[in-house]
1. Between L299 and V467, how high is the FRET efficiency from 1/(1 + (r/R0)^6) when r is the Cβ-Cβ distance and R₀ = 51 Å? Nearest 0.05.
2. Average projected area of the Cα convex hull of the stretch 329-436, in nm²?
3. Less than 13 Å Cβ to Cβ from S231, Lys/Arg counted +1 and Asp/Glu -1: what total charge do the surrounding residues give?
4. So in the stretch 169-245, what percent of DSSP beta bridges are antiparallel if you round to the nearest 5?
5. Where Rh denotes the Kirkwood radius from the mean inverse Cα pair distance, what is Rg over Rh for the stretch 281-321?
6. Report the residues of the stretch 171-185 in range of a label on C323: point 7 Å along Cα→C-beta, backbone N strictly under 15 Å from it.
7. How much length is gained if the chain between R200 and E288 is pulled fully straight, taking 0.36 nm per residue apart and subtracting their Cα-Cα distance, in nm to one decimal?
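Every read-out reported here was derived from the displayed coordinates using simple, explicitly stated rules and does not represent laboratory data. Owing to the predicted nature of the structure, the values given are computational and were not obtained by experimental measurement. A quick note on method: Cβ atoms are made from the backbone with ideal geometry, for glycine too, and the neighbour counts reach across all protein chains shown.
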Amino acid sequence: MDDTLRLGSKVRQLRRRESLTQVQLASRLGISASYLNLIERNRRPLPAPLLIKLAQLCQVDIAEFAAENDARLIPDLTEVFADPVFEGTVVLPQDLEEVVTASPPVARAVITLYEAYRAARTTSGRDASEPGRGGDEAATIDLARLSSEEVSDFIQRRFNHFPELEVAAEQLWKDARLDRNDIGPGLVQHLARRLGVDVRFVAVGDAERATRRFDAHARRVTLSELLPPRSRNFQLAHQICLLTHGEVLARYTRDDRLTTDESRALCRIALANYFAGAVLMPYAPFWEAARRLRYDVELLGHRFRTSYEQVTQRLTTLQRPGCEGVPFHFIRVDVAGNISKRFSASGIRFARFSGACPRWNVFSAFLTPGRIRAQLSVMPDGTVYFCFARTVNKGVGGWHGAHALHAIGLGCRLEHARDLVYSDGMALEDLKAALPVGVTCRLCERMDCEQRAFPSSRHPLRMDENVRGVSFYAPVDAALPPPTTTSR
């Protein structure tokens, strides 16, 4: 079915949200009620002029109608029904597609219900194993997880591009007359002259472990001396966004899928961070430099005086029409395998409810700290990605302070690999050398993987106590995977 025919449920959902009948909405759109009925039943496409008029009438961003947003519900539902709790229940891919096409809200409700089930199961196990832990504390932890998931989904739906914040960041450069060689003094002066806010740097013992603190009554921002200049500039730009663009942030966070105050607060922080990144790395100069330097992250960091992680996150935001960058996916993990940030413009799928495939090079990056590892990865559906990863070490507090080690992975589809400096010297045309990877073990059909940690939901578990295969959950007749030399 053509994607243009998949908007019927969205139109129906908006009409019901506005408490309008088909006759009333059709009248406002200037069409007949029978034509609107055909649109809602996916019997007629929604023309672009009507789409724009409907978005304006219901005061929604036109990006909400992107077919990709609902299409992403299908793999999420697939992962839900791969849970062992549904063992024996046959749910075919076309069944899930029909649910998403007919009613995206129902699909999202199933996913939300499953998230609640997992949270309750996790909390129950935690309470049983840790006597004395209160239910309120556990609920707070689960609420925080839900908020982070909702914000990740919000950013994904917007393709991590927020034009109003880009324009605001460019305007700040003009208003504050920032110096490209050192924007820090300009940000400090702008806060003082335009906003009446004093900036002070405090010693470690006086900072109360806060790297940035704003006192609204005293009109003062205090920054810890532990922050390097790039982080100081980032925090100053972040605070400027909160002080001057609250209306823009409020408009973005008036999203029905941000269901709690915690989610909306976390989203404001994420958007202010986006603004700060746009200030440190203005769109046009950064986009041009990225293309000329072939997305060399370290060189871009030197040019714009930013960190490796700041550059990688900025690279995922280059979605301005006519000035698009390479569509990257981004993932940040810790040494325990926890995914703390994720975004996909490349089309790659991240596991939502379980651990990622251990064959992704973002995990092997911990074996060679500080070095970039490149890899050709082929997914079960045959799609090939070029990925590179490196560890980053965040140290705060000197010798006895906290240190956090993460690995950051970026990747794109194979057709964009030649645009990246990290592909030099790699045999991109030799797809036999691509390393087979998956999304997560429960969804992966490859039974010949020596790193399989769980049985596949696609194949029945066959056990023979007298024979051991390539892994505990792989049948003995599964072939060993060929050796690969793509990672370096």
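1. Values: r = 53 Å, r/R0 = 1.03.
Approximately 0.45, to the nearest 0.05.
2. Details: hull surface 30.7 nm².
Average of the hull's projected areas for the stretch 329-436 equals 7.7 nm².
3. Numbers: positive: R212, R230, R232, R305, K394; negative: E225, E309.
Its environment carries a net charge of +3.
4. Working: 5 of 10 bridges.
Among the beta bridges of the stretch 169-245, antiparallel pairing accounts for roughly 50 percent.
5. On the way: Rg = 9.0 Å, Rh = 9.9 Å.
That ratio equals 0.91.
6. Answer for the stretch 171-185: 171-174.
7. Details: separation 88, 0.36 × 88 = 31.68 nm, distance 3.47 nm.
Gain on extension, R200 to E288, equals 28.2 nm.
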